[in-house]
Amino acid sequence: MSERNDEYIVVKAKAQGVQVIGLTRGQDTKFHHTEKLDKGEVLICQFTDHTSAIKIRGKATIMTKYGTVDTDVE
């Protein structure tokens, strides 16, 4: 059984159309899930056995246990 990383991030859209894309684990990294957020919407994302990375496009605030990051999109 593989070890799970039950770590979460919170994404808050600061503009319309922010995309949150989940990327798979394994030899080939692939997109496996996409969400589109409207301004003010919040999405809680979890890293799992299947999700190794999360890509965010658009103006957003990302909150993790390590701190808060704002995207540089204008």
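Quick notes
- In the range 11-50, the residues that are more than 15 Å from residue 61 (Cβ to Cβ), in a strand (DSSP E or B) and open to solvent by 100 Å² or more (accessible area, probe 1.4 Å): 31, 36
- Verdict on residue 61 being open to solvent by less than 90 Å² (accessible area, probe 1.4 Å) and at pLDDT below 85: no
- Residue 70 falls short on exactly one of the conditions (1) at pLDDT below 95; (2) in contact with a strand residue (DSSP E or B) (Cβ under 6 Å, 6 or more places away or on another chain); (3) exposed (fewer than 12 other Cβ atoms within 10 Å of the Cβ); (4) of a type outside the set (Gly, Ala, Ser), and that condition is (1).
The values are calculated or read from the model by the stated rules, or taken from the named source; none is laboratory data. Quick caveat, the model's predicted, so the values are computed rather than measured. Note that each Cβ is placed from the backbone with ideal geometry, even for glycine, and that neighbours are counted across all protein chains shown. Remember, those area values only see protein heavy atoms, side chains included, never the ligands or the DNA or RNA. Shrake-Rupley method; radii C 1.70, N 1.55, O 1.52, S 1.80 Å.
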